[in-house]
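Every read-out reported here was derived from the displayed coordinates using simple, explicitly stated rules and does not represent laboratory data. Note that this is a predicted model, so its numbers are computed, not measured. Cβ placement follows ideal geometry from the backbone for every residue including glycine, while neighbour counts extend to all protein chains displayed.
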């Protein structure tokens, strides 16, 4: 067997070893996600908190002390914020679940009114087609209302997962050296240097993206909440939070976050909807022109075409959660692909 043939076989074997677990994960994604969700969240929390812990360690504190200080400070700040926001958000969420059925009924009455107003000038066949489509739209609205209510309740039920995630992240930070040694033991000696280099590149991309996106979401959510309160929009704080969270998803997120705001505005009055749209558009202009460039820059170094493609693929297989994780995962895949491509090119030379 020649050296070139051996390299080709190694590449094919490596590809298959990556493909088999990928297919298994996609086929069983629902079960795997329900099991691994708190661990994934825990890893993300630990990753975000790690720079704070390392900064305290550099000042001479022990790792355990540093972790306890970071957790105490972050949880105290979160508790203070939640004591201010959570009661309002909870009341608005409960109020929304009570009002959503009436919103659906008003939407139905509005569509029926539009149908009656214009149906006299239409042929019987066209009237029947429009009537069927209106019924279909109403059915979709009712389904979405029920799903929204279930998701709002699920947010509060998901607190158990967050508690487990916090415990997992605490142990990951406390025993970081143990886990790094474990990873180092698994990786062959000849690959450790390359692994460390790739790991630093991934860390740089991910940390820039996560910090930037969270800060952008916080700024946009705060501005949106203030704007909605000024126009006295129903569920102003909740709509502001939804608008801010939408910023985490590039390109599609602002649309997903803006739709509920427009719907809530329309249910009050067309004027209120126009004001809400105006606020969303102004904030989007500020976000795209000032906030994101200042905070993010080109944090992942990916062309918009590839970002949109990753979002569409992730949305198809994993839904909203997939869209939230699509860009950082795509950035990691890019770093790994560039490493593999570089190795292949160098081996051929």
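Residue order for 33, 275, fewest other beta carbons within 10 angstrom first, comes to 33, 275. Each residue, residue 32 and residue 44, gets one label point 7 Å from its Cα in the Cβ direction; the gap between the two is 1.7 nm. Note on 178, 71, 339: ascending count of other Cβ atoms within 10 Å places them as 178, 339, 71, the fewest first. Taking square-rooted eigenvalues a ≥ b ≥ c of the alpha carbon gyration tensor, is segment 160-269 rounded, prolate or oblate, where a/c under 1.5 means rounded and, failing that, a/b exceeding b/c means prolate? It comes out prolate by the Cα gyration axes.
The ranking of 54, 287 by Cβ neighbour count inside 10 Å, starting from the fewest, reads 54, 287.
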